[in-house]
Protein chains: 2
Amino acid sequence: MGKTERGRRRHKGVGRVTLGDVAKHAGVAPITVSRVMNNPDQVSEKLRKRVEQAVDALGYVPNLIAGGLASAGTRVIPVIVPSLSILTYIDVIHGIQQTLEDTGYQLLLGSTDFDLDREAALIDTVLGYSPSGIIIAGLRHRERAIQRLEACQRPVVEIMEYGASCIDSNVGVDNAEVGRCMARHLVERGYRRIAYVGSRMDRDYRTIQRYEGHREMLELAGIDGSRLLQNDEAASYKTGGRLFMEAMASYPDLDAIHFTNDNLAAGAILEANRRGIRVPDDIAVAGYLGLPLSECLTPALTTVSVPRFEMGVQAAKFLLARLDGEQGEALRCDIGFELIVRDST
Amino acid sequence: MGKTERGRRRHKGVGRVTLGDVAKHAGVAPITVSRVMNNPDQVSEKLRKRVEQAVDALGYVPNLIAGGLASAGTRVIPVIVPSLSILTYIDVIHGIQQTLEDTGYQLLLGSTDFDLDREAALIDTVLGYSPSGIIIAGLRHRERAIQRLEACQRPVVEIMEYGASCIDSNVGVDNAEVGRCMARHLVERGYRRIAYVGSRMDRDYRTIQRYEGHREMLELAGIDGSRLLQNDEAASYKTGGRLFMEAMASYPDLDAIHFTNDNLAAGAILEANRRGIRVPDDIAVAGYLGLPLSECLTPALTTVSVPRFEMGVQAAKFLLARLDGEQGEALRCDIGFELIVRDST
DNA sequence: CTGTTAGCGCATTCAG
DNA sequence: CTGAATGCGCTAACAG
């Protein structure tokens with residue numbers, strides 16, 4: 001008795017077991033406990049065991065916040081995407097998560113709703129958690145955001161879009177090339193009156209990049225590439241069905257529709273099924289993404305498949321490489337895509 | 001000259017702008033800057049402006065880690081789910097995210113792969129970030145996990161499953177009741193030889209709860225409820241198609257299949273479309289979830305719809321209520337479900 | 001291999 | 001309304 005109760009407790013000691021408690025219990029210095037938790041091989045077998053027992057006995061759980069403050073960094077990786085309601089980003093996040101989870105990093109999720117100002121604010125916030133690095137969708141950001149990202153001296157991986165210049169590392173696809181690729185396929189198949197159909201294209205500029213590729217390729221072939229139809233709904237099957245009917249009404253002579261994504265294209269095929277419209281005989285339908293549904297439809301959907309999960313994995317690997325000390329040049333990867341020709345064209 | 005350069009810099013000062021820097025620049029005490037950032041109305045107009053200018057001038061971004069350590073809590077909400085490849089959880093996370101994002105909380109994402117030991121470890125980890133609260137899927141956890149969750153003295157919301165006893169708060173559905181509801185529908189429709197078909201049912205015990213409800217209801221009606229088929233693949237459309245064919249082979253006299261989820265059921269209908277099998281004339285198909293796809297199929301899928309997004313929203317609201325000081329009884333909410341009868345039954 | 005000392009950047013308490 | 005002093009829990013640096 002005696003020296004218990006230090007008598008201040010100005011802050012709420014909260015009662016949680018601390019490193020110090022464990023150290024006392026094991027009869028060692030706090031730093032030794034710290035080492036047992038973080039660098040076990042720097043401690044002798046004997047002390048280690050003693051400490052481990054104390055940890056178990058007291059049910060000690062490290063305060064990562066304190067550790068983070070002391071060592072100027074937490075094992076947190078913010079992932080900033082435009083939306084959580086779009087499957088593409090979900091698959092990428094899944095890939096990131098799966099790759100990072102066993103390395104002890106935690107994902108801090110942020111969504112910008114396609115708003116670059118919001119993105120900039122979010123970047124500030126998450127940087128406040130002294131993350132180990134950051135993964136962010138897109139190559140376009142506010143100037144301020146880019147400055148902060150560069151100033152933070154931590155690995156930054158920009159994903160989704162592959163392009164010439166990035167802040168630090170980049171994994172993505174060349175959207176214009178995707179657009180060209182599918183347009184070329186349609187032309188080769190003999191289609192001549194082709195429309196590009198999407199929804200909310202202005203929100204996601206990558207959609208416009210694909211459209212531009214599409215248009216460029218058509219015009220190269222001497223075909224009108226300006227047929228464009230879009231609306232302001234979220235990309236759902238229903239929206240796809242509606243846009244399908246609308247497109248056929250707006251351009252009665254149409255022989256093919258190039259949709260911005262598989263959700264829309266699948267919705268079109270489903271609508272055609274319902275109405276007895278024959279695809280591709282009456283009209284051909286093409287998509288983009290390579291969603292699982294695309295191959296289960298009747299007719300199966302021609303699409304450009306993008307390895308979304310793998311993109312997440314690669315992004316995480318780049319991050320881990322940097323954290324592992326890899327210096328130098330930007331790590332860059334064009335994750336590629338694959339034209340999958342099926343029955344709908 | 002003189003007192004610049006304090007001459008130690010043992011830790012890497014990292015160079016980031018700190019509260020102190022801003023305070024110096026504005027000629028006030030650090031605490032005043034702190035107040036401007038956190039409780040603006042406790043500071044006079046004049047000082048506040050001066051401080052705000054300094055903040056802008058230096059590009060100060062608060063170190064949330066330091067703040068978290070000092071105040072024993074960060075504005076982080078861990079969300080722990082079994083999987084990120086299952087749409088259900090994604091929708092719920094989306095609801096949580098949308099509700100929390102404007103309140104300044106960040107989601108810390110964790111996935112357990114349906115492993116309760118992994119879950120317990122993950123809980124320890126995320127608790128290390130001194131989160132404001134925590135949202136976790138399921139009502140079943142390891143004893144150790146429950147203890148930690150109770151000991152941390154922070155709001156805990158258990159989601160997905162609605163049940164009698166929870167740690168702190170609970171939002172979910174009554175799975176057994178869902179199973180009963182659909183089974184009742186099938187019986188009322190006149191089906192008598194009904195199979196329950198799923199995949200990986202042992203991984204997610206909620207699936208089994210639904211099956212038990214299904215079986216109970218059938219037996220109440222004097223019908224064999226033991227027809228069960230499952231495999232070990234992930235729930236995809238393709239798996240659904242395969243299970244559909246397998247079920248018809250295993251139970252040749254079947255007149256209806258009750259699938260554990262819409263992915264599988266949709267896959268079955270898609271497979272039927274391909275093969276020219278008539279649903280529901282040859283065999284009826286029912287699902288669970290209320291995925292958007294379900295209503296776009298031909299025939300449209302009969303399903304039980306669960307408000308997944310709303311479940312996330314409600315979970316976040318419970319959390320915010322607790323953080324807002326709401327004490328007392330467990331906050332509980334049976335989010336309910338809706339039987340949607342369409343053409344497939 | 002182990003311990004001592006100092007301080008990460010901020011918010012809390014208490015005083016004016 | 002403003003400021004000074006103190007410590008949140010842990011780890012980096014430096015001895016021994």
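Put simply, of B:ALA120, B:ALA26 the only residue that is more than 12 Å from DNA strand C (Cβ to nearest atom), touching a residue at least 24 places away in the same chain (Cβ under 8 Å) and outside the structural domain of B:GLN153 (by TED's automatic domain parsing) is B:ALA26.
A:HIS94 satisfies every condition listed in (1) of a type outside the set (A, V, I, L, M, F, W, C); (2) under 10 Å from the mean Cα position of the chain (by Cα); (3) more than 8 Å from chain B (Cβ to nearest Cβ) except (3).
Is there a residue being at the interface with chain A (Cβ under 9 Å from one of its Cβ atoms) and not small (Gly, Ala, Ser) anywhere in the range B:150-167? Scanning the range B:150-167, I find at least one residue that is at the interface with chain A (Cβ under 9 Å from one of its Cβ atoms) and not small (Gly, Ala, Ser), so the answer is yes. Would you confirm, using the coordinates I've provided, whether B:GLY13 is more than 9 Å from DNA strand D (Cβ to nearest atom), assigned to a loop (DSSP other than H, G, I, E, B), away from every other protein chain (no Cβ under 14 Å) and at pLDDT below 90? When the stated conditions are applied, B:GLY13 does not pass them. Taking the stated definitions as given, is B:GLY225 buried (at least 18 other Cβ atoms within 10 Å of the Cβ) and assigned to a helix (DSSP H, G or I)? No: the conditions fail for B:GLY225.
Contact map, the range B:212-233: residues that are in the same structural domain as B:LEU186 (by TED's automatic domain parsing) paired with residues that are at pLDDT 95 or above and of a type in the set (Asp, Glu), Cβ distance under 8 Å, separation 6+ or inter-chain. Pairs shown: B:GLY213/B:GLU177; B:LEU218/B:ASP224; B:GLY225/B:GLU216; B:GLY225/B:GLU219; B:LEU229/B:GLU246; B:ASN231/B:GLU246. Just one of the numbered conditions (1) more than 9 Å from DNA strand D (Cβ to nearest atom); (2) assigned to a helix (DSSP H, G or I); (3) crowded, with 22+ Cβ neighbours inside 10 Å is not true of B:THR74: (2).
Quick grid of which residues meet (1) modelled with pLDDT of 95 or more; (2) crowded, with 18+ Cβ neighbours inside 10 Å; (3) under 30 Å from A:ALA247 (Cβ atoms):
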position	(1), (2), (3)
A:ASN273	yes, yes, yes
A:PHE309	yes, yes, no
A:LEU319	yes, yes, no
A:GLU326	no, no, no
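If you filter the range A:101-126 down to residues that are among the aliphatic types (A, V, I, L, M) and either in contact with a Ser or Thr (Cβ under 6 Å, 6 or more places away or on another chain) or facing chain B (nearest Cβ under 10 Å) (or both), you find that the one that is nearest to B:ASN63 (Cα to Cα) is A:VAL126.
Has the range A:277-292 got at least one residue that is among the basic types (Lys, Arg) and in the same structural domain as A:SER226 (by TED's automatic domain parsing)? Within the range A:277-292, one or more residues are among the basic types (Lys, Arg) and in the same structural domain as A:SER226 (by TED's automatic domain parsing).
Let's see how each residue does on (1) buried (at least 21 other Cβ atoms within 10 Å of the Cβ); (2) among the hydroxyl-bearing types (Ser, Thr, Tyr); (3) touching a Leu at 6+ places or on another chain (Cβ under 7 Å):
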site: A:ILE135; (1), (2), (3): yes, no, yes
site: A:GLU158; (1), (2), (3): yes, no, yes
site: A:CYS166; (1), (2), (3): no, no, yes
site: A:GLY172; (1), (2), (3): yes, no, no
site: A:GLY179; (1), (2), (3): yes, no, no
site: A:ALA183; (1), (2), (3): yes, no, yes
site: A:ILE194; (1), (2), (3): yes, no, yes
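Among strands (runs of 3 or more DSSP E) entirely within the range A:131-217, having at least 1 residues that are within 17 Å of the chain's Cα centre (by Cα) and of a type in the set (D, E, K, R) singles out A:156-161.
Annotation note: of B:ILE80, B:ILE93, the sole residue that is assigned to a helix (DSSP H, G or I), modelled with pLDDT of 90 or more and either charged (D, E, K, R) or more than 16 Å from DNA strand D (Cβ to nearest atom) (or both) is B:ILE93. Please tell me if A:VAL28 is away from DNA strand D (no atom under 11 Å from the Cβ) and in a loop (DSSP other than H, G, I, E, B). In short, yes.
Answer yes if at least one residue in the range B:318-337 is under 18 Å from B:ALA266 (Cα atoms) and hydrophobic (A, V, I, L, M, F, W, C), and no otherwise. The answer is no; no qualifying residue exists.
The values are calculated or read from the model by the stated rules, or taken from the named source; none is laboratory data. Please read these numbers as outputs of a predicted model, since none were measured by experiment. Note that each Cβ is placed from the backbone with ideal geometry, even for glycine, and that neighbours are counted across all protein chains shown.
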